[in-house]
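> Have a look at this one before I ask anything.
The values are calculated or read from the model by the stated rules, or taken from the named source; none is laboratory data. All of these numbers come straight from a predicted model, not from anything done at the bench. Reconstructed Cβ throughout: ideal geometry from the backbone, glycine too, with neighbour counts over all protein chains shown.
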């Protein structure tokens, strides 16, 4: 996983709430056994017309947002299905940062496993960020994970909260499994106790 | 002293959490032990690939039960899967399970079915366990008093390699449902009514424990339906405290404890219930008698109303986001504000899924369908949640009732719940569906889904539109 430090990028605006993972990556693309290539299908049913051409009304198809790495979206982003194909598609498309007021739990966890920084801001802050993009499409925001800070040309500079464990993993780009396996003795010890306490599970 | 005693009172969630902590150190996410890991073909292949690339092994193959459900056809099962990408995914699942020595109920296996229907049938989940699956509807198993939640594919790999997961402790929410449900109102209606009340983000960050007399009255199947949809209210998991119904259900099943351990297990399970006086971070209360059979009208499970209601108008929502969501939903659903719910005509009826694909669901649907005919122009399909459900239903003669009424009687699978296997709506078609999500395109691009209970679905099949089954 690529370490996440500080990024400056165009911020794309998706002013919709309760965007579910069925929209982020529709089911017809979940049959692949690989992890790559999902970006081409991100938001497929919204992004493309029936004939396969770009839907010009879809916000991410605006030329101003084409190379955006930051996605600013409405409340409860990523609700519904647990499919990790959703953050795979988001990352593969080119986003590495999402800013919203809230996320569904599973989606939020999945983002951090894939090097995506999902930032929670409050409603007032989100409204200001959205207004700044709406007024100046193509505007570039700076996201600094080290200092937990968003800065914008419009002066919407906010600090954000993030769990220290998630932060250090993103900063280092470390593999979660490797970190957990440092505790393998404790896992083995737990299992020994587990066998004594719940012998029927091991019978 | 009093303060200490008070502090020791725990909810069921806290008891399960505390007993599964492997590592709890400052500066790190707590590491939680996982007892059971459930698998299906869609969310696992990349996890196996990751494991292989890192040279890691499955730590405890016996903790895993796998099935094929999302991509499997529900008819012509004797023929190869026509969709080559789906076929490859199914084959990959079989290879991965073989290579790692995992228990797989493949498409031809008599135990095959939807993972969350199959697992309880074999007594694989017990009270007090931590259970995960790369599937958001893992919450189903909370019906047994197990902490069961959905995870992503990276986490599937993590659990295979370490038997643990870094987790954040959730807040606790009690949802109290007291009283007696009206005739034909069901666990599904409770689940939809809760989602309507608290919203799809209402439970975010929480584990819900369902309590109250109406919950105690539910069968194990009903509790599974209820907990299954905890995720639709945004919760990490749903829980129902185990009781006699739970123990009777489990006893004698393949993976349930047997002698000499049954009594020991039972004593442990009985210790798991929430202590008298333990505090929840939030409480929501509903009266069962107030819950009419529910019908979703929009594109989110929170956009739901009683069958005796009307399609709402956007301006009836004071919240700007909800108003906009209503407007978008009505445009997608092709509905006009203030239309009577019972005036909405449907094209297809689907009974099945991990929400409503169990024997009880087909019994109630058959009771309503008996002696009727599917309305002209309507397709009605019944998809049992597993081969065991299918065969039990056939032993009870339910298949004949459906077939005589003009329904299709299929083989098990997720089918039209997420329409990955070819069973789907075409653009503009409208369904009455016993599944769990009415998102845009969920049942096929441009398809319009109305979530209902099995009884409501069966009534709509013969009428051609929604009906208030309380009046039948």
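> Report yes if some residue within the stretch A:8-18 is surrounded by fewer than 23 Cβ atoms within 10 Å (Cβ to Cβ) and out of contact with any helix residue (DSSP H, G or I) (no Cβ under 9 Å at 6 or more places or on another chain); otherwise report no.
Checking the stretch A:8-18: at least one residue is surrounded by fewer than 23 Cβ atoms within 10 Å (Cβ to Cβ) and out of contact with any helix residue (DSSP H, G or I) (no Cβ under 9 Å at 6 or more places or on another chain).
> Determine, yes or no, whether residue B:341 is out of contact with any helix residue (DSSP H, G or I) (no Cβ under 8 Å at 6 or more places or on another chain), more than 30 Å from residue B:15 (Cβ to Cβ) and surrounded by 16 or more Cβ atoms within 10 Å (Cβ to Cβ). Before you say what the answer is, go through the steps one by one.
Working: out of contact with any helix residue (DSSP H, G or I) (no Cβ under 8 Å at 6 or more places or on another chain): yes; more than 30 Å from residue B:15 (Cβ to Cβ): yes; surrounded by 16 or more Cβ atoms within 10 Å (Cβ to Cβ): yes.
So residue B:341 passes the test.
> Sticking with this one: Quick one: count up the residues across the stretch B:152-170 that are over 23 Å from residue B:209 (Cα atoms) and either part of a helix (DSSP H, G or I) or more than 7 Å from chain A (Cβ to nearest Cβ) (or both).
10
> So, in the stretch B:374-389, how many residues would count as being assigned to a helix (DSSP H, G or I) and buried (at least 24 other Cβ atoms within 10 Å of the Cβ)?
Of the residues in the stretch B:374-389, 1 are assigned to a helix (DSSP H, G or I) and buried (at least 24 other Cβ atoms within 10 Å of the Cβ).
> For residues that are at positive phi and crowded, with 21+ Cβ neighbours inside 10 Å, tally how many sit in the stretch B:174-198.
Taking the stretch B:174-198 first, the residues at positive phi are B:179, B:184.
Now drop any that are not crowded, with 21+ Cβ neighbours inside 10 Å, which leaves B:184.
Adding up the residues that qualify gives 1.
> From the list B:404, B:360, B:424, B:408, which residue is surrounded by fewer than 20 Cβ atoms within 10 Å (Cβ to Cβ), under 26 Å from residue B:231 (Cβ atoms) and modelled with pLDDT of 95 or more? Spell out the reasoning first.
Numbers: B:404 fails: under 26 Å from residue B:231 (Cβ atoms); B:424 fails: surrounded by fewer than 20 Cβ atoms within 10 Å (Cβ to Cβ); B:408 fails: under 26 Å from residue B:231 (Cβ atoms).
Residue meeting the stated conditions: B:360.
> Here's something else I'd like to know. Given the criterion under 20 Å from residue B:399 (Cα atoms) and surrounded by fewer than 17 Cβ atoms within 10 Å (Cβ to Cβ), identify the matching residue among B:352, B:371, B:309.
B:371
> So which residues in the stretch A:108-126 are facing another protein chain (nearest Cβ under 8 Å) and in contact (Cβ under 8 Å) with a residue 60 or more places away in the chain? Before you say what the answer is, go through the steps one by one.
Taking the stretch A:108-126 as the starting set, the residues that turn out to be facing another protein chain (nearest Cβ under 8 Å) are A:109-110, A:113-114.
Selection gives A:113, A:114.
> Considering every residue within the stretch A:143-153, establish whether at least one is more than 14 Å from chain B (Cβ to nearest Cβ), farther than 17 Å from residue A:4 by Cβ and surrounded by fewer than 17 Cβ atoms within 10 Å (Cβ to Cβ).
Yes, the conditions are met somewhere in the stretch A:143-153.
> Kindly indicate whether residue B:125 is crowded, with 17+ Cβ neighbours inside 10 Å and in a helix (DSSP H, G or I).
In short, no.
> Related question: Residue under question is residue B:233, and the condition is that it be within 12 Å of chain A (Cβ to nearest Cβ) and over 21 Å from residue B:65 (Cβ atoms); does it hold?
Yes, satisfied.
> Are any of the residues in the stretch A:79-95 within 8 Å of another protein chain (Cβ to nearest Cβ) and more than 20 Å from residue B:44 (Cβ to Cβ)?
Among the residues of the stretch A:79-95, at least one is within 8 Å of another protein chain (Cβ to nearest Cβ) and more than 20 Å from residue B:44 (Cβ to Cβ), which makes the answer yes.
> For the stretch A:154-166, enumerate the residues that are surrounded by 14 or more Cβ atoms within 10 Å (Cβ to Cβ) and at pLDDT 95 or above. Spell out how you get there, then give the answer.
Looking only at the stretch A:154-166, we keep the residues that are surrounded by 14 or more Cβ atoms within 10 Å (Cβ to Cβ), and these are A:154, A:156, A:158, A:160, A:162, A:165-166.
A:154, A:156, A:158, A:160, A:162 - these are the residues of the stretch A:154-166 that are surrounded by 14 or more Cβ atoms within 10 Å (Cβ to Cβ) and at pLDDT 95 or above.
> What residue, of B:248, B:284, is under 20 Å from residue B:187 (Cβ atoms) and surrounded by 14 or more Cβ atoms within 10 Å (Cβ to Cβ)? If you could, list the steps in order and put the result at the bottom.
Working: B:248 fails: surrounded by 14 or more Cβ atoms within 10 Å (Cβ to Cβ).
Step by step, each of B:248, B:284 is checked, and only B:284 is under 20 Å from residue B:187 (Cβ atoms) and surrounded by 14 or more Cβ atoms within 10 Å (Cβ to Cβ).
> Next up: Quick check on my filter: what residues within the stretch B:48-103 are in a loop (DSSP other than H, G, I, E, B) and touching a strand residue (DSSP E or B) at 6+ places or on another chain (Cβ under 6 Å)?
Matches in the stretch B:48-103: B:102 only.
> With respect to residue B:197, is the statement that it is more than 17 Å from the chain's Cα centre (by Cα) and assigned to a loop (DSSP other than H, G, I, E, B) true?
no
> If the requirement is being touching a strand residue (DSSP E or B) at 6+ places or on another chain (Cβ under 8 Å) and on the phi > 0 side of the Ramachandran plot, which of these qualifies: A:96, A:76?
Criteria check complete, one pass: A:76.
> Quick one: in the stretch B:45-58, of everything that is within 8 Å of chain A (Cβ to nearest Cβ) and surrounded by fewer than 20 Cβ atoms within 10 Å (Cβ to Cβ), which residue is nearest to the chain's Cα centre (by Cα)?
So, considering only residues that are within 8 Å of chain A (Cβ to nearest Cβ) and surrounded by fewer than 20 Cβ atoms within 10 Å (Cβ to Cβ), the one nearest to the chain's Cα centre (by Cα) is B:49.
> Show the residue pairs meeting these rules: Cβ distance below 6 Å; 6+ apart or different chains; first residue within the stretch A:30-50 and within 13 Å of residue B:44 (Cβ to Cβ) and within 10 Å of another protein chain (Cβ to nearest Cβ); second residue modelled with pLDDT of 95 or more and part of a loop (DSSP other than H, G, I, E, B).
Listed by first residue and then by second, the contacts come to A:30/B:42.
> Determine if the stretch A:47-63 includes at least one residue that is in contact with a strand residue (DSSP E or B) (Cβ under 7 Å, 6 or more places away or on another chain) and surrounded by 23 or more Cβ atoms within 10 Å (Cβ to Cβ).
Taking every residue of the stretch A:47-63 in turn, none turns out to be in contact with a strand residue (DSSP E or B) (Cβ under 7 Å, 6 or more places away or on another chain) and surrounded by 23 or more Cβ atoms within 10 Å (Cβ to Cβ).
> Still on this structure, please answer the following. Could you tell me how many of the residues in the stretch B:76-92 are surrounded by 15 or more Cβ atoms within 10 Å (Cβ to Cβ) and touching a helix residue (DSSP H, G or I) at 6+ places or on another chain (Cβ under 7 Å)?
3
> From the list A:177, A:133, pick out the single residue that is farther than 30 Å from residue B:256 by Cβ and in contact with a helix residue (DSSP H, G or I) (Cβ under 6 Å, 6 or more places away or on another chain). Can you show your working first?
Numbers: A:133 fails: in contact with a helix residue (DSSP H, G or I) (Cβ under 6 Å, 6 or more places away or on another chain).
That would be A:177, the only listed residue that is farther than 30 Å from residue B:256 by Cβ and in contact with a helix residue (DSSP H, G or I) (Cβ under 6 Å, 6 or more places away or on another chain).
> Taking residue B:139, is it in contact (Cβ under 8 Å) with a residue 12 or more places away in the chain and within 13 Å of chain A (Cβ to nearest Cβ)?
Numbers: in contact (Cβ under 8 Å) with a residue 12 or more places away in the chain: yes; within 13 Å of chain A (Cβ to nearest Cβ): yes.
In short, yes.
> Return yes when residue B:41 is free of Cβ contacts under 8 Å to residues at least 60 places away in the same chain, buried (at least 17 other Cβ atoms within 10 Å of the Cβ), at the interface with chain A (Cβ under 10 Å from one of its Cβ atoms) and under 21 Å from residue B:164 (Cβ atoms) and no when it is not.
no
> Those residues that are more than 7 Å from chain B (Cβ to nearest Cβ), touching a helix residue (DSSP H, G or I) at 6+ places or on another chain (Cβ under 9 Å) and within 19 Å of residue B:167 (Cα to Cα), I need them from the stretch A:180-203; list them, please.
Answer for the stretch A:180-203, where residues must be more than 7 Å from chain B (Cβ to nearest Cβ), touching a helix residue (DSSP H, G or I) at 6+ places or on another chain (Cβ under 9 Å) and within 19 Å of residue B:167 (Cα to Cα): just A:184.
> Looking only at residues that are surrounded by fewer than 24 Cβ atoms within 10 Å (Cβ to Cβ) and in a loop (DSSP other than H, G, I, E, B) in the stretch B:201-214, which one is nearest to the other protein chains (Cβ to nearest Cβ)?
Once the filter is applied, the top-ranked residue is B:201.
> Which condition does residue B:459 not pass, out of (1) touching a helix residue (DSSP H, G or I) at 6+ places or on another chain (Cβ under 6 Å); (2) buried (at least 24 other Cβ atoms within 10 Å of the Cβ); (3) part of a loop (DSSP other than H, G, I, E, B), if it passes all the others?
(3)
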